[in-house]
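The values are calculated or read from the model by the stated rules, or taken from the named source; none is laboratory data. All of these numbers come straight from a predicted model, not from anything done at the bench. Backbone-built Cβ (ideal geometry, glycine too); neighbour counts: all protein chains shown. All accessible areas refer to the heavy atoms of the entire protein, side chains included, with ligands and DNA or RNA removed. Shrake-Rupley method; radii C 1.70, N 1.55, O 1.52, S 1.80 Å.
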Amino acid sequence: MKQIFAITIAAFASLSAYSQVGYLGKKFNVGYNYEFTPWLSLTTRVNEYSTLTKSSYEPSYSEKFMVFMKGHNFNLGYTTNRKLELFFNYGFRNMTYYAQTFTYEGESDESWVFVPKKYEIRGKETSWDFGFRRYFKGYVAPVGVYQQFAFGQSTGRFDDAESTVKGDITSNYGTELDLSIKLKDGLEVSSFRLSYGLGIKRPLSNLIYFCFESNLHLSLTKLDYIKKVDWENYYQSEFGPENYDEALLNLNFASYRMFDVKLGLGIMI
Amino acid sequence: MKFAFYSVVFFLLVALNVSAQTPCYTPLKCQGEIPEEFRTLTAAKVQKAQAKERKSDRTYTEKKRINEFLLRNNYVIDELLNSGKILFGDSLTSYVNDIASVLLKDDESLRDALRFYVVKSNEVNAFATNQGIIFITVGMIAQVENEAQLAFVLAHEIAHYEKEHSIASILESEKIYNRDRNDKYNGYEDRIRLLSSFSKELELDADSIGYERLIKSGYNPMAASTTMDVLQFAFLPFDDVEFTGSFMELDSLRFPNHLFLDSLAPIPLNSDDFDDSESTHPNISRRRDVLDMRIEKNGGSTNKYFILGKTRFEGLQHSARREMIHLDLVEQQYVDALYNSFVLITKDKEDQFLEESIAKALYGISKYKNGNDFRDIGVGSDDAFSHLQNCYVIFENLEKEQVNLLAIRYLIEVENKYHSPFITMLANDLIKEGIKRNDLTQESFEAGLKKCEEAVQLSKDLKLKEEEEKLKAAEEKNGEKKPAETQDTVVKPLEEETSKYDKLRKEKKKALAVAVDDNTKGSSESTPWDNIFHFQAFAGEGKQAMSIRIDSLKQVVENQNKADEEWVNEVRKRKKFYQRQGYSLGIDKVVFVDPFFFKADERSGLKLEDSEKELMEFKGQIEDCADACNLEHEVIFPKAMSADDMEKYNTMAMMNDWVGEKLSHESNDLDIIPLETEYTAALSDTYGTDYFCYTGVFTAKMRRPGAWGTVIGCIILYPLLPLALVRAFTPLRQTYYYFLLYNVKNGQTKWTLETTMNRSGDNGYVNSLMYDTMHQVKKEEKK
């Protein structure tokens, strides 16, 4: 351990001993970013009793949730030349998904009786990205305005234990419902993703910088989840109420991965 | 023994001769210790002045206006003090101070409060500041006739300080402004007229007080009146001497007469009675009349034009006039410099400085002529008077190839005479310029020369023939007939055997020969001879040397062109590589001169105090960045100098002149060796590097154009409205950073970098850019 420590010190000392690119010759930078992701969750009306006529079954998607998902990121950057910086980013975040389902209460000849309900599914996601930042004209890596391209992988795990009921819902019949929704055997969603982002690193001193960036992600795997969301036929009878959980979960999961915003601080070494 | 005696005598004579030679004039430099006011921070000066003002009995509004004035004024004056344009401790400044001591011998407290400096400017001017600094220009010292006139100018400026005229002007302008605001019928023009009228009163007041002080000091009162003549005719050269082109000092060269004007613009003798209704100063005629009346009324009892001595005045004016020529050259007033040198050289025949100044002026003229920018130098023939007009006209009329060759010839002449390496550098540069831009080759040169020699020879033959014919005619008249067969043998066979074309060719040659002859007789028409007359300059000794030189420099030009082309191709081909990696200049040491940092805000104006503070930090940043990339460096910065850093101060002054000249040429897109290079070249030995750098930052905060339009647009796209509002309320910040690296030895630009970013000039961004720049300067190319 001591040897590794000594070698690391010696490496940094030798790197800074001669003129090199980077901020005042500092090639490495490490940073922490707080991530928040605006997530648009679509769901049907909550806490509302529904009697749906079989012949005109059309639940409305009128309620929207804007939820900020929060996470933490650590990144390491290495300035290769005046315009380019390679970086590795590791992040983890707690996720709360709002899922919508209906509880089948019975039926008559003409209608089904459902009680709609909203509940949270909590999960954790870890991700890593590797890519490069290209600094715009007038700026020299690793500070200034940049665009970045990266590829990486994110793995989201939703455990049984973490899926809890959002609340009690009173049915038309005055029955207190205390539903406990569980995902069978948990759910793991792993996807390979490509990212493009824009950001700025503003030096606050010769050591510290402030960072603000935003990324668009394109998840390339687990497409089969998304395929299940058939917009045209989604509300038709081929998706029975029993499939709604999964369908909505996947839809929201896809939108979650599309966009994020990060704010952070870092140091240049 | 005898041999030894004569040897000793010989060496003594040689030594005496050497020491008796007039040393070549060198530009004026500051001497002694740097005065404290050059080194004190402006903010401290402002604070002191404003604290003093707070104790005054003035109203709140008056104090406010004066404080604003003190702030701006102190920064402007400090900028001048730190520009390197101000002389102190030198012979001229000492002289001016001595005159001031004569004027103020009875007022010690006032003498102690005042500081006198000479400004390196060829304008004829003097001015006083409310801080007690009186500036007088080199141009003024060069143009006055005697010490008493200089004393009157100083006495006038002392009066301005003594009576606090600058503060009075500020208060008066405030009054006029308020009066103007309350009276809707008072327009801008009336306001100007009122201000101008007040200012003129102050000027006449200063004349009056200055006059009293002049006669009290024992100077001839007439000097006050004759100073007005100096002010009136200061725009003219040192003297009005007929300009014939004899400045070339080449016996063989005769300029065609039609190149000169027959009728010259007369000097406007009544220019002193101008309309002064909107001027700050009364017209000269009025000032002269008032002074003449005073002289008549109270003329004093002395008639001394010199108290400190005529010899001292003449010696110093000699320096001032040479300095003025030097300043003219630096400021690209080449024709004026040439004419003034020509005027002085008619008195001092053998003067290395003057001859070299003519050579430098010719170099500049030729370069600007080649770049078709001749109109950009000097006033031009339309605005010049008397014989100076001819000096402009000749260069306007000559073709650029002709000016090029004539300048080369003169430079070589001066080079051979004084062996100055700088003149050799200029001569070589002009020859290269001729090769590059005027198709000058050994062949074209020799062909032109041959044509010229043939024409001259033919002209001589014609003259000889004419004389013979005259002689024959005289003999015939005297009855001594020549044998008839002689005429037949000479004329007839020629006429019979030659073709039509031969005859025409002969006629053409004869016409050329006649033109050579006519030129000396004063013909004012243009002839074919005009195109080749300049080759006369190379007749005789100069021919061979020039031919060899063209040949050797042709190779240099070819190699240079090839290298330039390769470099351009390299940069084009590897554009992305250079964008990523930057350049590798491999320079070990750089001297940073006079760093610059300036902050402005569109809403609240210039941020003078902030700028100075940031400038001090900027100097530290330069040092930190240079240290970070192991670049050896020195920062020459007046506010960080100690009293003993005189050499650094002079370096800054010299470099500021040099870079000013350089940038001026570059604005005309001309590749010219700055003439100051002659003096700056020595700096490379002093500082151990050829590379001097000017770097700076200008950062501004301004309104964001079209921001509110975006807000209105976002009313439709309402989710984006918060962003649009943030944008509308956030000002646009822009920062401009420059880094100019020069080689002072050869006068070339090594590298220039300019970049603008839409960010504030925070230390971090500037550090980033500066380090990157210095890294490229230091980095050596990988082999």
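Some observations on this one:
- Per residue, the convex hull spanned by the alpha carbons of the range B:678-783 comes to 164 Å³.
- Of the residues in the range A:130-153, those shielded by at least 30 Å² of accessible area once partner protein chains are present, compared with the chain alone at a 1.4 Å probe, are A:GLY138, A:TYR139, A:VAL140.
- Rg(Cα)/(2.2 N^0.38 Å) for the range B:306-404, N = residue count: 1.18
- Nearest 10 degrees, 0 to 90: helix B:352-370 Cα axis against chain B principal axis: 90 degrees
- Each residue was assigned an accessible area with a 1.4 Å probe, and for B:GLU162 the value is about 70 Å².
- Across peptide B:758-766, the average count of Cβ atoms from other chains found within 10 Å of a residue's Cβ is 5.
- Relative contact order [Cα under 8 Å, 6+ residues apart], the range B:43-193, whole percent: 18 percent
- Ligands, DNA and RNA left out, the 1.4 Å accessible surface of the range B:621-670 is 40% carbon and sulfur atoms.
- For the range B:578-626, diffusion coefficient by Stokes-Einstein and Kirkwood Rh (Cα), 20 °C, 1.002 mPa s, µm²/s: 161 µm²/s
- Packing-based order for B:128-140, A:193-205, using average beta carbon neighbours within 10 Å, highest first: B:128-140, A:193-205
- Pairwise centroid distance, computed over Cα atoms, of the range B:59-95 with the range B:609-665, Å: 21 Å
- The mean sequence distance of close C-alpha pairs (under 8 Å, at least 6 residues apart), as a share of the length of chain B, puts its relative contact order at 13 percent.
- About its Cα centre, the range B:633-741 has a charge dipole of approximately 1440 debye under the convention of +1 per Lys or Arg Cβ and -1 per Asp or Glu Cβ, with nothing else charged.
- Interface size B-A, as summed buried accessible area [1.4 Å probe, Å², nearest 100]: 1900 Å²
- In degrees, nearest ten, helix B:165-182 long axis to first principal axis of chain B (Cα): 70 degrees
- B:TYR117 accessible area, 1.4 Å probe, all protein chains in place, Å² to nearest 10: 10 Å²
- Placing +1 on the Cβ of every Lys and Arg and -1 on the Cβ of every Asp and Glu, with nothing else charged, gives chain B a dipole about its Cα centre of roughly 2260 debye.
- Solvent-accessible area of A:PHE132, all protein chains in place: 80 Å² (probe radius 1.4 Å, heavy atoms, ligands and nucleic acids excluded).
- Shown for the range B:522-654 is the translational diffusion coefficient from the Stokes-Einstein equation, using the Kirkwood radius over Cα pairs, a temperature of 4 °C and a viscosity of 1.567 mPa s: 60 µm²/s.
- Using alpha-carbon coordinates, inclination of helix B:42-54 to the longest axis of chain B, degrees: 50 degrees
- The share of alpha-carbon pairs in chain B lying farther apart than 47 Å comes to 38%.
- Selection among B:THR129, B:PHE152, B:ILE377 by position relative to the dipole of chain B gives B:THR129 as farthest towards the positive end (Cβ unit charges, Cα centre).
- Rounded if a/c under 1.5, otherwise prolate or oblate - the range B:116-155, Cα gyration tensor axes: oblate
- Three-way shape call for the range B:342-391 based on the alpha-carbon gyration tensor, with the a/c threshold at 1.5: oblate
- Helical mean residue ellipticity (222 nm; -39500 (n - 2.57) per DSSP H run of 4+; nearest 500) of chain B: -20000 deg cm²/dmol
- Long-range Cα-Cα pairs in the range B:32-162 (distance over 23 Å), rounded percent: 37 percent
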